[in-house]
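Below: the structure, in structure tokens.
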Amino acid sequence: MPTDRVVLVSGSTGKQGGAIARALLDRGWSVRAMTRKPQDEPARQLRELGAEVVAADLDDEASLRSALDNAWGALSLQNSWEGGVAHEEEAGKRFARVAKEMGIQHLVYQSVASAHRRTGIPHFESKWRIEETVRSLEFPSYVIIRPVMFMENLLVPDTLTGIQNGVYALAVRPDTKLQSIAVRDIGAYGLLAFESATELNGRAIDIAGDELTGPEMAGILSDVTGHRVQFRQMPIEQVRAFSEDIAKNFEWFDNVGYDVDIEKTSAEYGITPTRFRTWAAQQNWSAGSRAAEYAGASH
């Protein structure tokens, strides 16, 4: 696969998009990084790595057309946290339609693991409908990547502060096994989705890196932070007061949960999963660390 083909990366200054953009750049691909804030620090860092940074907005069709012009491939990435589920779905379908009209030859869509399983979780269902739109548009080739919960969610400010104070709080039962993934692994799968466009055409790949209970994660956090961290089950109604969508997500974790076969997926695609202990040992858990950078974590 010639690396001079341009790939437009939406969400390039976020965690998922940024990881994929960096993986492509490291391999020598021509990356066009799409962002609403081209002058901000994340965009500047991508520019220094060799990306072409362009200003565009998922809600502005004209800017999307300009960003996609003469690109070979595109990464489609949206989230429901800023504008809600309906807005995410509208933006995802718009991106796919405009990409098709602009002649994109290979589309990679970032969905969520188990989107196809009729979960009833609003932001899972919306991603499934975007997937269906991608399939219906008949791109020359496309790949759908479906990651589980991000390990980086633990670095969101409130969660990080709790861990620093000795408590890892999550609204699931202590015996619930949670699958999670490091965003760098998402970058590796995103790179593969572009480099193996022909071989992977039409596939939807659920990906994960580890599977642990909350207390098991707290035990690892105790080891790597150097102080005791206890797991605490957060009341689901506390989550529901903030978001019905997220409350349904956590209830589904307890009752059903992700079902990625981590070892089989790793062997099939040649990507070694980052285990939670490895990831946790590489993070800065001290007070004052830049946790706010991870506010875009998801799933």
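The values are calculated or read from the model by the stated rules, or taken from the named source; none is laboratory data. What you see is a predicted model, and the numbers here were worked out from it, not measured in a lab. Reconstructed Cβ throughout: ideal geometry from the backbone, glycine too, with neighbour counts over all protein chains shown. Keep in mind that these areas ignore ligands, DNA and RNA; they rest on the heavy atoms of the full protein, side chains included. Shrake-Rupley method; radii C 1.70, N 1.55, O 1.52, S 1.80 Å.
With +1 on each Lys and Arg Cβ and -1 on each Asp and Glu Cβ, how big is the dipole of the range 71-157 about its Cα centre, in debye rounded to the nearest 20? Don't jump to the answer; show the numbers that get you there.
Values: 10 positive and 10 negative charges, 47 e Å.
Charge dipole of the range 71-157: 220 debye, to the nearest 20.
Residue separation times 0.36 nm, minus the C-alpha to C-alpha distance between residue 261 and residue 199: what's the value? Can you show the working numbers first?
On the way: separation 62, 0.36 × 62 = 22.32 nm, distance 2.05 nm.
Separation in residues times 0.36 nm, less the Cα-Cα distance, equals 20.3 nm.
In this structure residue 150 has an accessible area near 0 Å², from a 1.4 Å probe over the protein heavy atoms.
Taking every protein chain into account, the 1.4 Å probe leaves residue 72 with about 40 Å² of accessible area, to the nearest ten. Computed from point charges on the beta carbon alone (+1 for Lys and Arg, -1 for Asp and Glu), the dipole magnitude for the range 1-80 about its Cα centre is near 240 Debye. Which of the three applies to the range 37-184, rounded, prolate or oblate, going by the alpha-carbon gyration tensor with a ≥ b ≥ c and a/c under 1.5 meaning rounded? Verdict is oblate for the range 37-184. Of the residues 87, 56, 28, the one whose Cα sits farthest toward the positive end of the charge dipole of the range 1-90, with +1 on the Cβ of Lys and Arg and -1 on the Cβ of Asp and Glu, is 28.
As a ratio to 2.2 N^0.38 Å, the alpha-carbon radius of gyration computed for the chain takes the value 0.97.
Across the accessible surface of the chain, with the other protein chains kept in place and a 1.4 Å probe, carbon and sulfur atoms take up 46 percent. Summing charges over neighbours of residue 179, with a neighbour being any other residue whose Cβ is under 14 Å away from its Cβ, gives -4 when K and R count +1 and D and E count -1.
Quote the FRET efficiency, to the nearest 0.05, computed for residue 57 versus residue 223 with a Förster distance R0 of 41 Å and r equal to the Cβ-Cβ distance. Before the final figure, lay out the partial values.
Numbers: r = 43 Å, r/R0 = 1.06.
Between residue 57 and residue 223 the formula returns 0.40.
At 222 nm, what value in deg cm²/dmol follows for the chain if DSSP H runs of at least 4 each add -39500 (n - 2.57) and the sum is divided by all its residues, to the nearest 500?
Rounded to the nearest 500, it is -13000 deg cm²/dmol.
Annotation for the range 1-34: trypsin sites (Lys or Arg not before Pro) lying in DSSP loop with at most 16 further Cβ atoms inside 10 Å of their Cβ are 5, 27. Length gained on full extension, residue 287 to residue 81: 71.6 nm, using 0.36 nm per residue less the C-alpha separation. Using DSSP H assignments, which helices in the chain have an axial alpha-carbon span of 30 Å or above and a mean Kyte-Doolittle hydropathy of -0.5 or higher? Span-like helices in the chain: none at all.
List residues of the range 197-230, by number, whose backbone nitrogen lies under 15 Å from a label position 7 Å along Cα→C-beta of residue 175. Once the point is set 7 Å along Cα→Cβ of residue 175, 213-216 turn out to lie under 15 Å by backbone N, inside the range 197-230. Near residue 65, once Lys and Arg are set to +1 and Asp and Glu to -1 for all other residues with Cβ below 14 Å from its Cβ, the sum equals -2. In this simple spin-label model, placing a label point 7 Å from the Cα along the Cα-to-Cβ direction at both residue 278 and residue 135 gives a separation of 3.2 nm.
Here residue 40 and residue 66 are evaluated by their C-beta separation; at R0 = 22 Å the FRET efficiency comes out at 0.65. Applying both filters, DSSP loop and at most 16 other Cβ atoms within 10 Å, to the trypsin sites (Lys or Arg not before Pro) of the range 116-219 gives 118, 203. Only protein heavy atoms count here; under a 1.4 Å probe, residue 227 has an accessible surface of about 60 Å². Considering only 281, 270, 253, and ranking their Cα positions along the charge dipole of the range 150-299 that arises from unit charges at the beta-carbon of Lys, Arg, Asp and Glu, the one farthest toward the positive end is 281.
The alpha carbons of the range 1-111 stretch over 36, 30, 24 Å along the principal axes, in descending order.
Computed FRET efficiency, Cβ-Cβ of residue 26 and residue 161, R0 45 Å: what is it to the nearest 0.05? Spell out each step's value before the answer.
Values: r = 33 Å, r/R0 = 0.73.
The computed FRET efficiency comes out at 0.85.
Of all stretches in the chain that contain no GluC sites (Glu not before Pro) in a DSSP loop with at most 11 other Cβ atoms within 10 Å, the longest one is 139-299.
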